[in-house]
Amino acid sequence: MSNVTAVDFHFDIMCPWAYQTSIWMRDVRDQLGLDVRWRFFSLEEINRVEGKKHPWEREWSYGWSMMRVGAMLRRIDPDLVDRWYWRAGTALHVEGHQPHRREVAEALVAELGLDPSLVGQAIDDPTTHDEVRADHDRVVELGGWGVPTLVFDGDRALFGPVLLEPPTGEAALRLWELVTGWLEFPRLYEVQHPKRPDDLKAIAATFRPYLEARDWVTVQNETP
């Protein structure tokens, strides 16, 4: 098995692909005792149209504000951001709720047994902007452009794995070995499985709750 013992998992809570990968990551973590450190990345910022406000310039900004809540929880206890990402991600990507709405965000924090006023505290504290932005800028500096992005040993970044059906058990570990095996080849940039019509139908079916809950315009720049 891989000798990797820790990984930084960068996510945007609004990304359905990152959520799927996080399910696999938790399974691997629980089997191997990995130290998974949950970090942020903003698709709003990376895909921002010139002339539009940066997410930190808005009073409330979809995924960015949600991740500011995560930053506040991470200060209290790193385990809380893990629990929060799982609950809020499930609310959006499985249940079709809208955790990017402030009242829903507060209800989800309350479900964790925490004071819902933590949402307001996070938004009123400008330093939560700094924490989200620091995580985001780190991925960009490493050449990253999206999520999920895994960072190993501080400066080895891999985009993905991008998957629809998160494997579990032994299959999850086999995928982990494939992913970490990639670290041996620093100039190996891309392997892709082309999507056929049946794949696109499966993606649409799996992401239906997210697509129905989405009430923002999606902008996606071409990847490098």
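When ALA91 is tested against (1) open to solvent by less than 50 Å² (accessible area, probe 1.4 Å); (2) under 16 Å from the mean Cα position of the chain (by Cα); (3) touching a residue at least 24 places away in the same chain (Cβ under 8 Å), only condition (3) is not met.
Which members of the stretch 49-77 meet the condition of being surrounded by fewer than 14 Cβ atoms within 10 Å (Cβ to Cβ) and of a type in the set (Val, Ile, Thr)? Show your work before the answer.
Of the stretch 49-77, the ones surrounded by fewer than 14 Cβ atoms within 10 Å (Cβ to Cβ) are 49-53, 57-59, 76-77.
Of everything in the stretch 49-77, those that are surrounded by fewer than 14 Cβ atoms within 10 Å (Cβ to Cβ) and of a type in the set (Val, Ile, Thr) turn out to be VAL49, ILE76.
Looking for whichever is open to solvent by less than 60 Å² (accessible area, probe 1.4 Å) and either without any contact (Cβ under 8 Å) to a residue 24 or more places away in the chain or more than 17 Å from the chain's Cα centre (by Cα) (or both) here; the options are LEU80, LEU150, LEU114, LEU163. Which one fits?
Details: LEU80 fails: either without any contact (Cβ under 8 Å) to a residue 24 or more places away in the chain or more than 17 Å from the chain's Cα centre (by Cα) (or both); LEU150 fails: either without any contact (Cβ under 8 Å) to a residue 24 or more places away in the chain or more than 17 Å from the chain's Cα centre (by Cα) (or both); LEU163 fails: either without any contact (Cβ under 8 Å) to a residue 24 or more places away in the chain or more than 17 Å from the chain's Cα centre (by Cα) (or both).
Only one candidate qualifies: LEU114.
For the stretch 166-185, give me the residue count where each residue is out of contact with any helix residue (DSSP H, G or I) (no Cβ under 9 Å at 6 or more places or on another chain), in contact (Cβ under 8 Å) with a residue 24 or more places away in the chain and open to solvent by 40 Å² or more (accessible area, probe 1.4 Å). Matching residues across the stretch 166-185 total 2.
Checking each residue in the stretch 7-52 for being among the aliphatic types (A, V, I, L, M) and touching a strand residue (DSSP E or B) at 6+ places or on another chain (Cβ under 9 Å) picks out VAL7, ILE13, ALA18, MET25, VAL28, LEU34, VAL36. Checking PRO194 against (1) of a type outside the set (A, V, I, L, M); (2) more than 17 Å from THR21 (Cα to Cα); (3) open to solvent by 100 Å² or more (accessible area, probe 1.4 Å), only one condition comes out false. Which one? Checking PRO194 against (1) of a type outside the set (A, V, I, L, M); (2) more than 17 Å from THR21 (Cα to Cα); (3) open to solvent by 100 Å² or more (accessible area, probe 1.4 Å), the one that fails is (3).
If you go through the stretch 197-212 one residue at a time, do you hit one that is more than 20 Å from MET67 (Cβ to Cβ), among the charged types (D, E, K, R) and either modelled with pLDDT under 95 or in contact with an Asp or Glu (Cβ under 9 Å, 6 or more places away or on another chain) (or both)? For the stretch 197-212, residues more than 20 Å from MET67 (Cβ to Cβ), among the charged types (D, E, K, R) and either modelled with pLDDT under 95 or in contact with an Asp or Glu (Cβ under 9 Å, 6 or more places away or on another chain) (or both): present.
Filter the stretch 197-224 for residues that are open to solvent by less than 100 Å² (accessible area, probe 1.4 Å) and more than 20 Å from the chain's Cα centre (by Cα); which is farthest from GLY63 (Cα to Cα)? Full working, then the answer.
Let us first name the residues in the stretch 197-224 that are open to solvent by less than 100 Å² (accessible area, probe 1.4 Å), namely 197, 199-200, 202-207, 209-211, 213-216, 218-219, 221, 223.
With more than 20 Å from the chain's Cα centre (by Cα) added as a condition, the list becomes 197, 199-200, 202, 205.
Details: PRO197: 30, ASP199: 27, LEU200: 25, ALA202: 25, ALA205: 23 Å.
If we take residues in the stretch 197-224 being open to solvent by less than 100 Å² (accessible area, probe 1.4 Å) and more than 20 Å from the chain's Cα centre (by Cα), then PRO197 is farthest from GLY63 (Cα to Cα).
When every residue of the stretch 195-211 is checked against the conditions, none turns out to be within 30 Å of GLY33 (Cα to Cα) and of a type in the set (A, V, I, L, M).
With the condition kept exactly as written, say whether any residue in the stretch 99-107 is open to solvent by 40 Å² or more (accessible area, probe 1.4 Å), in contact (Cβ under 8 Å) with a residue 60 or more places away in the chain and under 19 Å from the mean Cα position of the chain (by Cα). Looking for residues that are open to solvent by 40 Å² or more (accessible area, probe 1.4 Å), in contact (Cβ under 8 Å) with a residue 60 or more places away in the chain and under 19 Å from the mean Cα position of the chain (by Cα), one finds none in the stretch 99-107, hence no.
The values are calculated or read from the model by the stated rules, or taken from the named source; none is laboratory data. Here the structure is a predicted model, which is why all the values come from computation and not from measurement. Positions of Cβ are generated from backbone atoms using ideal geometry, with glycine treated the same way; all protein chains shown enter the neighbour counts. When the accessible area is computed, the model is the full protein with side chains, heavy atoms only, and any ligands, DNA or RNA have been set aside. Shrake-Rupley method; radii C 1.70, N 1.55, O 1.52, S 1.80 Å.
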